[in-house]
Each structure stands twice: as C-alpha cells, then as structure tokens.
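Data block below; observations after.
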Amino acid sequence: MEKFLQIAPHSLAIVLSRVGSDNSPTVTEKLQHHHTGYEIFADFKAENMQHFWNKKVTDAIAETFFLGWIDEHVLLIQGKEDHLEVLREGWTRRALKPPRGFEIKCIACFCPVDSSLIFMLV
C-alpha cells in the first residue's frame with residue numbers, strides 16, 4: 001500500500017486545478033466568486049455529500065475540516081485517519097468529486113525507497 005505525505009497530523013492535501021481559463025465558458029460566474037479556500041472547501045464538501053449511495057464517503061466528508069488553502073490550488077483538510085483513508089480510496093477509484101470548476105490533479109505521496117516526493121496523477 002502506498003504511503004501518503006502527511007503535512008499535519010490527520011490531514012490530506014488535495015491538489016486542484018481550475019477547469020478551463022478565465023475566458024472559457026466552462027468557468028461559471030459563481031466559480032469566479034470563490035474568494036477563499038474555505039469557500040472552495042465548502043463546495044468540495046457539498047459536491048461529495050451527494051454520495052447517498054456510499055455512506056462511508058458521506059460520513060467521511062461530514063467529519064472533515066478545513067485546514068488550509070496553499071498557493072491557490074492545494075486544499076488541506078483534516079479529519080480522523082479512517083475518514084481520510086475513505087477519501088484516499090475514493091480518489092483512487094475516481095469517485096471523489098472536486099469542487100465545481102476544478103479537477104483533482106493529484107495527491108502527494110511519500111516514496112520510502114528514495115525519500116522523494118512524487119505525485120500520483122489522475
């Protein structure tokens with residue numbers, strides 16, 4: 001099993017990228033009004049709370065908290081380790097939804113063989 005880079009205890013870094021550009025019709029008016037990382041986190045939670053067929057995902061999302069927003073594309077979330085594991089599994093199965101107007105690019109993971117930071121690309 002792969003080990004994920006732990007930024008802070010019981011945290012997960014989700015690397016996002018905007019879909020389209022500022023001039024693209026895929027960027028909605030509402031997306032342009034995202035001013036804070038917390039608003040993007042709230043949208044991430046709202047998008048993933050709709051997994052009513054997967055109670056594990058909705059429970060995990062409900063129990064996560066906003067930790068930070070780095071460089072306008074890295075969302076840091078915090079929660080219990082078992083909830084974060086559910087989110088990691090959801091990401092690897094492509095079941096985890098990004099906030100509107102974004103895509104999940106990767107999750108940073110730590111490679112114990114050469115101690116270097118690598119990225120798992122979607």
### Task
Mind listing whichever residues of segment 50-71 are more than 24 Å from residue 8 (Cα to Cα) and among the hydrophobic types (A, V, I, L, M, F, W, C)?
52, 53
### Message
Please go through segment 42-57 and give me each residue that is of a type outside the set (Lys, Arg) and surrounded by fewer than 17 Cβ atoms within 10 Å (Cβ to Cβ), ordered by number.
### Response
42, 46, 47, 49, 50, 52, 53, 54
### Message
If a residue must be surrounded by 20 or more Cβ atoms within 10 Å (Cβ to Cβ) and either of a type in the set (A, V, I, L, M) or in contact with a helix residue (DSSP H, G or I) (Cβ under 6 Å, 6 or more places away or on another chain) (or both), how many such residues does segment 74-85 contain?
### Response
4
### Query
Within the group 100, 94, which residue is at pLDDT 80 or above and in contact with an Asp or Glu (Cβ under 8 Å, 6 or more places away or on another chain)?
100
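Out of segment 50-71, which residues are outside any loop (DSSP other than H, G, I, E, B) and of a type outside the set (A, V, I, L, M, F, W, C)?
Within segment 50-71, 55, 56, 58, 59, 68 meet the criteria.
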### Query
What are the residue pairs meeting all of these: first residue in segment 3-26, first residue farther than 16 Å from residue 82 by Cβ, second residue at pLDDT below 55 and of a type in the set (S, T, N, Q), Cβ atoms under 6 Å, and 6 or more apart or on different chains?
19/26; 20/26
### Task
Please determine, by comparing only the residues of segment 1-33 that are out of contact with any strand residue (DSSP E or B) (no Cβ under 9 Å at 6 or more places or on another chain) and surrounded by 12 or more Cβ atoms within 10 Å (Cβ to Cβ), which one is modelled with the highest pLDDT.
20
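The values are calculated or read from the model by the stated rules, or taken from the named source; none is laboratory data. These figures come from a predicted structure and were not determined experimentally. Counting neighbours? That spans all protein chains shown, and the Cβs are built from the backbone with ideal geometry, glycine included.
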